[in-house]
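Data first, discussion second: the structure below is written as structure tokens.
The values are calculated or read from the model by the stated rules, or taken from the named source; none is laboratory data. These numbers were taken from a predicted model, which means no experiment stands behind them. Counting neighbours? That spans all protein chains shown, and the Cβs are built from the backbone with ideal geometry, glycine included. Side chains are part of the model used for accessible areas, which takes the heavy atoms of the whole protein and leaves out ligands, DNA and RNA. Shrake-Rupley method; radii C 1.70, N 1.55, O 1.52, S 1.80 Å.
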Amino acid sequence: MASNERKMMDNALKKVVIPVLRKLEFKGSLPHFRRKNENNIDIITFQFNRWGGSFIVEFATCPTEGVTMYWGEQIPPNKVTAHHINKRLRLGAESVDEDGIWFDFENAKTEEDFENVALSVLGLFNTSDRLWISKLIN
């Protein structure tokens with residue numbers, strides 16, 4: 001079962017970030033979201049630290065038909081996540097070789113504290129350009 005802090009962070013993301021993703025036509029539920037474009041699928045995955053207190057946001061793209069794993073398993077378009085893709089970028093990184101930003105909520109106490117962390121994530125999304133994820137990855 002998730003810690004109270006994790007639940008509060010999830011709630012803040014659902015209140016602040018997820019409505020924006022929905023307006024941008026992303027489907028899915030926390031932690032995995034995808035949006036089908038003409039030439040690819042944009043993927044956003046929120047990856048939480050297994051020891052708690054922080055998370056990172058990963059971006060990837062894949063073909064519109066989904067991906068085939070190296071052992072032959074076909075992952076359909078509505079199930080693919082960033083974890084299925086080798087080439088992915090973390091929010092705040094300049095290249096796939098960088099770690100990106102770990103969003104820390106370990107010291108958050110109030111609902112407002114958690115929402116401020118969610119706002120810091122949203123502030124790094126380029127919501128005005130539909131192709132921004134593809135541009136980041138390629």
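Residues of segment 96-119 being closer than 15 Å to Gly53 by Cβ and exposed (fewer than 14 other Cβ atoms within 10 Å of the Cβ), which ones?
Asp104, Glu106, Asn107, Lys109
Is segment 66-78 home to any residue that is closer than 19 Å to Trp132 by Cβ and among the hydrophobic types (A, V, I, L, M, F, W, C)?
Checked segment 66-78: no residue is closer than 19 Å to Trp132 by Cβ and among the hydrophobic types (A, V, I, L, M, F, W, C).
If a residue has to be more than 17 Å from His83 (Cβ to Cβ), among the charged types (D, E, K, R) and out of contact with any Pro (no Cβ under 7 Å at 6 or more places or on another chain) to count, how many in segment 36-61 make the cut?
Matching residues across segment 36-61 total 1.
Is one or more of the residues making up segment 36-44 among the basic types (Lys, Arg) and either outside any loop (DSSP other than H, G, I, E, B) or open to solvent by less than 40 Å² (accessible area, probe 1.4 Å) (or both)?
Checking segment 36-44: at least one residue is among the basic types (Lys, Arg) and either outside any loop (DSSP other than H, G, I, E, B) or open to solvent by less than 40 Å² (accessible area, probe 1.4 Å) (or both).
Could you tell me how many of the residues in segment 48-78 are in a strand (DSSP E or B) and either out of contact with any helix residue (DSSP H, G or I) (no Cβ under 9 Å at 6 or more places or on another chain) or in contact (Cβ under 8 Å) with a residue 24 or more places away in the chain (or both)?
So the answer is 11.
Would you check if Lys87 is open to solvent by 40 Å² or more (accessible area, probe 1.4 Å), over 16 Å from Val121 (Cβ atoms) and at pLDDT 95 or above?
no
Out of curiosity, is Lys27 of a type in the set (D, E, K, R), open to solvent by 90 Å² or more (accessible area, probe 1.4 Å), under 21 Å from Trp132 (Cα atoms) and in contact with a helix residue (DSSP H, G or I) (Cβ under 7 Å, 6 or more places away or on another chain)?
When the stated conditions are applied, Lys27 does not pass them.
Can you tell me which residue in segment 7-22 is least open to solvent (accessible area, probe 1.4 Å), limited to those that are free of Cβ contacts under 8 Å to residues at least 60 places away in the same chain and charged (D, E, K, R)? Before you say what the answer is, go through the steps one by one.
Our first condition is that a residue be free of Cβ contacts under 8 Å to residues at least 60 places away in the same chain; within segment 7-22, this holds for 7, 10, 14, 18-19, 21-22.
Those still in the list that are charged (D, E, K, R) too: 7, 10, 14, 22.
Details: Lys7: 84, Asp10: 28, Lys14: 113, Arg22: 108 Å².
Among them, the one singled out is Asp10.
What do you reckon, is Glu65 acidic (Asp, Glu), touching a Pro at 6+ places or on another chain (Cβ under 9 Å), over 19 Å from Gly100 (Cβ atoms) and open to solvent by 20 Å² or more (accessible area, probe 1.4 Å)?
yes
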